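Down below is the structure, laid out as structure tokens.
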Amino acid sequence: MELNNNIYQIDGLDVLEICSKYNTPLYVYETKKIEEQYKRLLNAFPNTKVKINYACKALSNINILKFISKLGAGLDTVSIQEVELGLKAGFSPFDIIYTPNSVSLDEIVRAVEFSVRINIDNISILEQFGHIYGDKVPVCIRINPHILAGGNSKISTGHIDSKFGISIHQMRHVERVIQANNMHIEGLHMHTGSDILDVDVFIRGANILLDLAMDFPELEYIDFGSGFKVPYKSGDISTDVESLGVKLSDRFNNFCSEYGKDLCLMFEPGKFLVSEAGYFFAKVNVIKQTTATVFAGLDSGMNHFIRPMFYDAYHHIVNVSKPNNNPRIYTVVGYICETDTFGWDRKIEEISEGDILCFQNAGAYCFSMSSNYNSRLKPAEVLIHQGKDYLIREREKLEDLLKNQKEIEF
Ligand SMILES: *Cc1c(COP(=O)(O)O)cnc(C)c1O
């Protein structure tokens with residue numbers, strides 16, 4: 001979003017016009033930024049065979065999936081429904097990796113029937129999978145390297161208490177299961193958390209995985225997961241993917257020559273691709289001055305945008321109606337009947353009732369985590385592509401809330 005002649009614009013379009021055309025609350029995404037991020041990550045690894053699989057739980061509107069498929073990316077999925085959405089969006093099964101946790105064997109069997117790549121994260125399922133498929137269906141194994149990474153305990157997945165992956169200390173057992181079933185291991189995977197800032201944390205995990213890879217002679221790819229941190233406010237540092245590219249390519253290429261085969265290096269970013277491409281717009285219904293605080297109350301709540309309450313996430317807030325007003329201090333809250341605060345003590349251009357606020361970094365884990373709590377309707381989604389706006393999801397109606405409910409007689 002840029003300020004041109006006192007008007008906030010996304011890809012040349014006036015955001016206030018978009019908001020009056022589609023109403024608030026509203027999610028808006030721009031393809032331009034997604035493409036820019038995709039290319040930035042790809043270009044950080046110029047001399048390596050690299051594949052980027054978009055982790056679609058971040059934002060799963062079918063149009064976003066179709067656009068990312070057109071860019072040439074693959075898809076990282078965590079449920080059979082995401083697999084089906086990915087296939088519908090045009091990804092070939094070969095380009096979809098299915099990385100579930102705690103799902104039933106039945107669901108994994110369905111994924112095999114769709115011919116997508118299977119990533120297994122526990123020994124019990126690995127063993128059952130081996131009994132059924134033996135050497136017929138190759139699999140990838142999710143390793144937990146036990147490194148502490150990630151910005152928040154809810155999004156750290158690599159530590160000792162984590163439910164994710166098969167512990168690096170259980171490899172002897174894994175080997176036993178593989179040998180007994182003559183299994184074909186085509187990939188190794190790790191994903192140690194989100195919001196990892198430090199390139200050296202990636203490299204540490206990568207070293208563990210690459211050392212282990214020497215024991216698996218039939219590999220096609222190594223998947224280093226994701227967790228790239230993006231900037232949420234000015235001055236924020238984010239993962240230096242260019243520096244990661246230099247360090248990891250070097251290490252990976254050396255590994256490949258030692259291994260005797262050029263493997264594919266994979267990543268599965270969610271946030272990195274879509275976070276900054278998204279904006280959430282909401283209108284100020286009420287300014288409420290209490291003894292201690294000035295609240296700005298919006299026509300939305302944590303049902304639409306839960307990250308601040310769930311992860312203590314900071315989302316930068318701009319008053320797009322009054323770009324030139326002097327800043328004042330507000331606590332920005334929602335309309336849900338429990339505490340749902342979007343931001344505490346924020347400096348925002350002085351707000352009048354009716355003004356529209358914009359939340360930045362609203363592409364990842366925002367709409368996809370929204371709910372109907374308080375029987376509120378989910379907002380519309382708009383995509384801006386090549387300077388034009390497209391409605392890609394209608395605002396919900398009351399009928400949508402009742403659609404699957406069955407009324408009985410009393
Ligand atoms: C959530 C998830 C990702 C994406 O993480 P980001 O921090 O959004 O990049 C990647 N891989 C797996 C297995 C995940 O569960």
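Throughout, read-outs are computed from the coordinates displayed, never taken from laboratory work. What you see is a predicted model; the values in this text were computed from it and never measured. All Cβ positions, even for glycine, are placed from backbone atoms using ideal geometry, and neighbour counts span all protein chains on display.
If r is the Cβ-Cβ distance from Tyr373 to Ile287 and R0 is 25 Å, what FRET efficiency results, to the nearest 0.05? The partial results should precede the final answer.
Numbers: r = 24 Å, r/R0 = 0.97.
E(calc), rounded to 0.05, equals 0.55.
For Lys347 and Glu394, the FRET efficiency from 1/(1 + (r/R0)^6), where r spans their Cβ atoms and R0 equals 30 Å, is about 0.30.
For segment 117-276, report the translational diffusion coefficient in µm²/s to the nearest whole number, using Stokes-Einstein at 37 °C, 0.692 mPa s, and a Kirkwood Rh over Cα pairs.
D, rounded to a whole number, is 201 µm²/s.
Placing +1 on the Cβ of every Lys and Arg and -1 on the Cβ of every Asp and Glu, with nothing else charged, gives segment 233-318 a dipole about its Cα centre of roughly 400 debye. Stokes-Einstein diffusion of the chain at 10 °C, 1.306 mPa s viscosity, Kirkwood radius from Cα pairs, rounded to a whole number: 70 µm²/s.
Taking amide hydrogens as placed 1.01 Å from N in the peptide plane, the amide H of Asp223 sits under 5 Å from those of Leu188, His189, Met190, Met266, each at least 5 positions away in sequence or on another chain. Under Stokes-Einstein, with the Kirkwood radius over Cα pairs as Rh, the value for segment 1-143 at 37 °C and 0.692 mPa s is 188 µm²/s.
Taking every DSSP bridge with both residues inside segment 31-271, close to 5 percent are antiparallel.
How large is the charge dipole for the chain, taken about the Cα centre, if only the Cβ atoms of Lys, Arg (+1) and Asp, Glu (-1) carry charge, to the nearest 20 debye?
Working: 41 positive and 53 negative charges, 75 e Å.
Using Cβ point charges on Lys, Arg, Asp and Glu, the chain gives about 360 debye.
Against the longest alpha carbon principal axis of the chain, how many degrees, from 0 to 90 and to the nearest 10, is the axis of helix 171-181 turned? Orientation of helix 171-181: about 70 degrees from the principal axis. Taking amide H atoms as placed 1.01 Å from N in the peptide plane, the amide H of Leu59 lies under 5 Å from those of Tyr365, each 5 or more residues away in sequence or on another chain. Based on DSSP H segments of at least four residues, each scored -39500 (n - 2.57), the chain has a per-residue ellipticity at 222 nm of -8500 deg cm²/dmol.
Rounded to the nearest Å, what's the spacing between the alpha carbon centres of segment 245-323 and segment 155-232? Just the number, please. First find each Cα centre; the distance between them is then 24 Å.
Hey, what did segment 31-271 get for relative contact order, percent, Cα under 8 Å, at least 6 apart? Numbers along the way, then the final one.
Working: 446 pairs, mean separation 50.6, N = 241.
Value for segment 31-271: 21 percent.
Kirkwood-based Rg over Rh for segment 30-71 (C-alpha set), two decimals? Before the final figure, lay out each step's value.
Working: Rg = 10.9 Å, Rh = 11.1 Å.
With Rg and the Kirkwood Rh in hand, the quotient comes to 0.98.
Relative to the longest principal axis of the Cα atoms of the chain, helix 199-213 runs at roughly 30 degrees. Take the Cα of Asp312, step 7 Å toward its Cβ, do the same at Val246, and the gap between the two points is 3.4 nm. Summarising the label geometry, the points placed 7 Å from Cα in the beta-carbon direction at Val294 and Glu220 lie 6.0 nm from one another. Backbone phi angles across segment 73-82, fed through the Karplus curve with coefficients 6.51, -1.76 and 1.60 (θ = phi - 60°), yield HN-Hα couplings of 7, x, 9, 9, 10, 10, 8, 5, 5, 5 Hz in residue order; Gly and Pro are listed as x.
The alpha-carbon of Lys378 sits under 13 angstrom from the alpha-carbons of these aspartates and glutamates, leaving out residues fewer than 8 places away in its chain: Asp299, Glu394, Glu396, Glu399, Asp400. Using a Gaussian network model of the chain in which every pair of alpha carbons under 10 angstrom is joined by a spring, one finds that among Gly354, Gly90, Gly260 the greatest mean-square fluctuation is at Gly260. For Glu84 and Glu407, the FRET efficiency from 1/(1 + (r/R0)^6), where r spans their Cβ atoms and R0 equals 30 Å, is about 0.50. With the simple spin-label model, which puts each label point 7 Å out from Cα in the Cβ direction, the Glu17 to Asn326 separation comes to 3.3 nm. Of all beta bridges that DSSP places with both ends in the chain, some 50 percent have antiparallel geometry.
Remark on Val382: its backbone amide H falls under 5 Å from those of Tyr27, Val28, Tyr29, Ile392, a criterion applied only to residues 5 or more positions apart or on other chains, H modelled at 1.01 Å from N.
For segment 315-410, the Kirkwood estimate of the hydrodynamic radius, built from every pair of different alpha carbons, is 16.3 Å. Scalar couplings 3J(HN,Hα) for segment 322-338, obtained by applying the Karplus form with A = 6.51, B = -1.76, C = 1.60 to θ = phi - 60°, are 9, x, 9, 5, 6, x, 9, 9, 10, 10, 9, 10, x, 9, 6, 7, 5 Hz; x denotes Gly and Pro. By the count of other C-beta atoms within 10 Å, a proxy for reagent exposure, Ser375, Ser275 are ordered fewest to most as Ser375, Ser275.
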